[in-house]
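Below is one structure, written out as structure tokens; the observations come after it.
The values are calculated or read from the model by the stated rules, or taken from the named source; none is laboratory data. For clarity, every value in this text was computed on a predicted model and none was experimentally measured. Using ideal geometry, Cβ is built from the backbone for each residue, glycine included, and neighbour counts are taken over all protein chains shown. Quick note on the areas: whole protein, heavy atoms, side chains included, nothing else; ligands and nucleic acids left out. Shrake-Rupley method; radii C 1.70, N 1.55, O 1.52, S 1.80 Å.
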Amino acid sequence: MSARCRAAVVSTLTVLVLGTGTGVAAAESPAGEPPTSPVAPLTWTGCGTTAEATAVGVECATADLPMDYDEPDGAQVQIAVARVPATDPANRIGSLFVNPGGPGGEFVTYLQEAGAGLFADLNARFDIVAFAPRGVAPSTPAIDCQVDQETQGIYSVPVPDPLDIDVDAYVAKAQGYVDACLANNGEILEHVSTANVARDMDALRAAVGDDRLTYLGFSYGTFLGATYASLFPDRHRAMVLDGALDADQYINDPLSSLATQTAGFETALARFAEVCAVDQVACSGFGGTDPYLAYDQLLAQADATPLPAAGYTADPRPVTADDIRAVTSPLLYAKQNWGLLGAVLAEAAAGDGSTVRALLDQVVYADGASTDLYFTIGASEQRYPQGDLDVYLDRGAESWASFPHFWSNSGYVEINYALWPAHDEDAFAGPFDVPASSATPLVIGTTYDPATPYSGAVSLVADLGNARLLTMEGDGHTAYGRNSACIDAVTDAYLIDGALPAEGTVCQQEVPFVGVGQVPAASTATQRLAAPVLP
């Protein structure tokens with residue numbers, strides 16, 4: 001969920017939009033909800049010119065939907081849709097809508113490149129359908145603030161702390177970023193709330209001919225799912241919310257939400273260090289018997305004298321402590337990447353920052369627009385305190401004191417949100433509730449998830465009322481497809497047959513923790529990512 005970590009999304013996390021409707025379809029809306037706008041028949045074609053898309057049989061379409069649902073005949077957004085048709089049409093159930101999270105993530109590109117990919121086991125019974133949410137390319141208009149994320153963006157460096165922050169300069173930089181976002185994007189900024197994306201998804205559900213939605217959402221995608229279920233309580237057939245966040249806290253108390261997430265990353269770093277102390281080979285020997293201490297010593301070393309990075313000729317600038325922290329957090333997202341993290345840190349501890357610099361270039365700052373999306377979508381709807389700078393300065397100091405490695409994720413950085421003026425009047429802030437008469441969502445939480453800590457899944461189940469919690473004991477962000485046969489089997493049975501697991505069901509993570517053998521060449525560092533980073 002952090003924008004910096006979300007910027008680490010590899011190309012496997014893009015979204016295609018698809019549908020199957022043969023005529024104009026409109027759904028009756030619940031009380032208080034504006035009518036879902038009819039969708040003209042979707043014209044399905046091949047997806048671009050990529051050989052991959054043609055090979056896997058992916059079909060693409062575009063849906064024109066109202067930018068403002070209160071003005072259905074006004075300006076439109078063009079929503080990119082993709083689908084992988086069910087491979088067993090005789091036993092097809094319907095469509096499975098999938099969302100990777102974000103905010104600002106999309107699975108359209110992923111389906112184009114991988115076909116059903118992660119959802120192959122479900123593709124026999126379902127068309128796998130994805131759409132790029134409004135504001136997110138390849139949908140149009142697409143948000144892009146057109147700034148240098150490393151020096152101008154919300155997570156730019158250097159990262160301030162209470163001992164060195166120049167408040168006027170920092171606020172000016174934040175204002176400059178906000179101004180760039182406003183100047184380079186138009187009316188769309190006031191219409192990108194999750195509630196509007198949920199309305200789009202309902203329109204697309206009708207367009208593909210499904211009476212009720214079947215949905216699998218990851219990370220922030222669980223907020224989209226909870227919003228949909230609350231706005232349209234009678235319109236979902238099955239709903240899986242994996243890597244769940246606390247929906248009420250996310251939108252109504254975002255300061256606490258980000259602090260909770262930052263604590264999750266601190267816990268993940270400690271877990272990584274514990275494993276490395278036991279299996280020093282898998283971590284390339286980083287830190288010996290005390291990797292946690294070694295990590296702090298490495299940061300202090302890089303703070304005093306930035307590490308040379310001559311091995312990465314594309315950008316051999318020396319590496320700072322801020323740079324090392326920025327690379328660490330995305331590699332904590334999946335336990336499969338911990339071996340790579342150990343190798344990179346071991347190389348840095350030996351005085352070479354080349355692979356750190358390569359990962360900054362190829363992963364952390366590779367997709368600036370994704371960071372812009374994370375910020376602008378969240379800022380359009382989250383209820384941040386306005387007008388009191390001291391609130392954020394105090395939170396920045398508290399974050400630095402409480403989270404010694406990842407304080408940049410919360411506190412000072414949230415000043416950007418306080419300065420944001422473009423709010424979506426149609427945003428939904430709760431209550432998040434699923435009536436007993438509705439299908440029961442399946443909420444999945446991982447006990448040591450760094451980005452959406454387990455407490456979020458517990459809270460979401462309590463808020464929804466009618467929901468079932470499935471727990472994975474393990475590490476990393478989200479559970480489905482993350483090396484737990486138990487999680488995958490329970491999830492598939494629920495989506496296909498509607499079979500809920502018994503209350504209190506706990507699954508184990510089965511992913512092995514292995515090293516990378518040797519530090520990869522800096523120029524190909526990202527090829528060693530064992531698992532994609534969900535936003």
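Part of a helix (DSSP H, G or I) and among the charged types (D, E, K, R): is that true of Asp372 in this structure?
yes
Restricting attention to region 116-125, does a residue exist that is surrounded by fewer than 18 Cβ atoms within 10 Å (Cβ to Cβ), closer than 20 Å to Ala195 by Cα and acidic (Asp, Glu)?
Looking for residues that are surrounded by fewer than 18 Cβ atoms within 10 Å (Cβ to Cβ), closer than 20 Å to Ala195 by Cα and acidic (Asp, Glu), one finds none in region 116-125, hence no.
Any idea how many residues of region 378-429 are out of contact with any Phe, Trp or Tyr (no Cβ under 6 Å at 6 or more places or on another chain), hydrophobic (A, V, I, L, M, F, W, C) and either closer than 30 Å to Asp296 by Cα or not in a helix (DSSP H, G or I) (or both)?
12
Among the numbered conditions (1) in contact with a strand residue (DSSP E or B) (Cβ under 8 Å, 6 or more places away or on another chain); (2) open to solvent by less than 20 Å² (accessible area, probe 1.4 Å); (3) modelled with pLDDT of 95 or more, tell me where Gly74 comes up short.
Every condition holds for Gly74 apart from (2).
Filter region 272-292 for residues that are under 19 Å from Leu331 (Cβ atoms) and either β-branched (Val, Ile, Thr) or surrounded by 19 or more Cβ atoms within 10 Å (Cβ to Cβ) (or both) and give the result.
Result: Phe272, Ala273, Val275, Cys276, Val278, Val281, Ala282, Cys283, Ser284, Phe286, Gly287, Pro291.
Would you confirm whether or not region 85-97 contains a residue that is free of Cβ contacts under 8 Å to residues at least 40 places away in the same chain and among the basic types (Lys, Arg)?
Checked region 85-97: at least one residue is free of Cβ contacts under 8 Å to residues at least 40 places away in the same chain and among the basic types (Lys, Arg).
Please count how many residues of region 320-337 are in a loop (DSSP other than H, G, I, E, B) and surrounded by 22 or more Cβ atoms within 10 Å (Cβ to Cβ).
Adding up the residues that qualify gives 3.
How many residues, within region 270-300, are without any contact (Cβ under 8 Å) to a residue 24 or more places away in the chain and among the hydroxyl-bearing types (Ser, Thr, Tyr)?
2
Say whether the condition of being in a helix (DSSP H, G or I), under 23 Å from Gly339 (Cα atoms), of a type in the set (A, V, I, L, M, F, W, C) and over 21 Å from the mean Cα position of the chain (by Cα) is met by at least one residue in region 452-468.
No, because not a single residue in region 452-468 is in a helix (DSSP H, G or I), under 23 Å from Gly339 (Cα atoms), of a type in the set (A, V, I, L, M, F, W, C) and over 21 Å from the mean Cα position of the chain (by Cα).
Within region 361-384, how many residues are open to solvent by 40 Å² or more (accessible area, probe 1.4 Å) and touching an Asp or Glu at 6+ places or on another chain (Cβ under 9 Å)?
Qualifying residue count, region 361-384: 3.
Which ones in region 338-355 are surrounded by fewer than 23 Cβ atoms within 10 Å (Cβ to Cβ) and polar (S, T, N, Q)?
Within region 338-355, none qualify.
So, of the residues in region 467-476 that are over 21 Å from Leu96 (Cβ atoms) and not acidic (Asp, Glu), which turns out to be surrounded by the most Cβ atoms within 10 Å (Cβ to Cβ)?
Gly476
Counting only residues that are open to solvent by 50 Å² or more (accessible area, probe 1.4 Å) and of a type in the set (Val, Ile, Thr), which one in region 293-319 is nearest to Arg271 (Cα to Cα)?
That would be Thr305.
Here are some residues: Asp242, Asp234. Which one is open to solvent by 10 Å² or more (accessible area, probe 1.4 Å), over 19 Å from Ile377 (Cβ atoms) and either in contact (Cβ under 8 Å) with a residue 24 or more places away in the chain or among the polar types (S, T, N, Q) (or both)?
Answer to the selection: Asp234.
From Ala207, Ala226, Ala198, Ala247, grab the single residue that is touching a strand residue (DSSP E or B) at 6+ places or on another chain (Cβ under 6 Å), hydrophobic (A, V, I, L, M, F, W, C), closer than 30 Å to Ile496 by Cβ and crowded, with 20+ Cβ neighbours inside 10 Å.
Exactly one residue qualifies, and that residue is Ala207.
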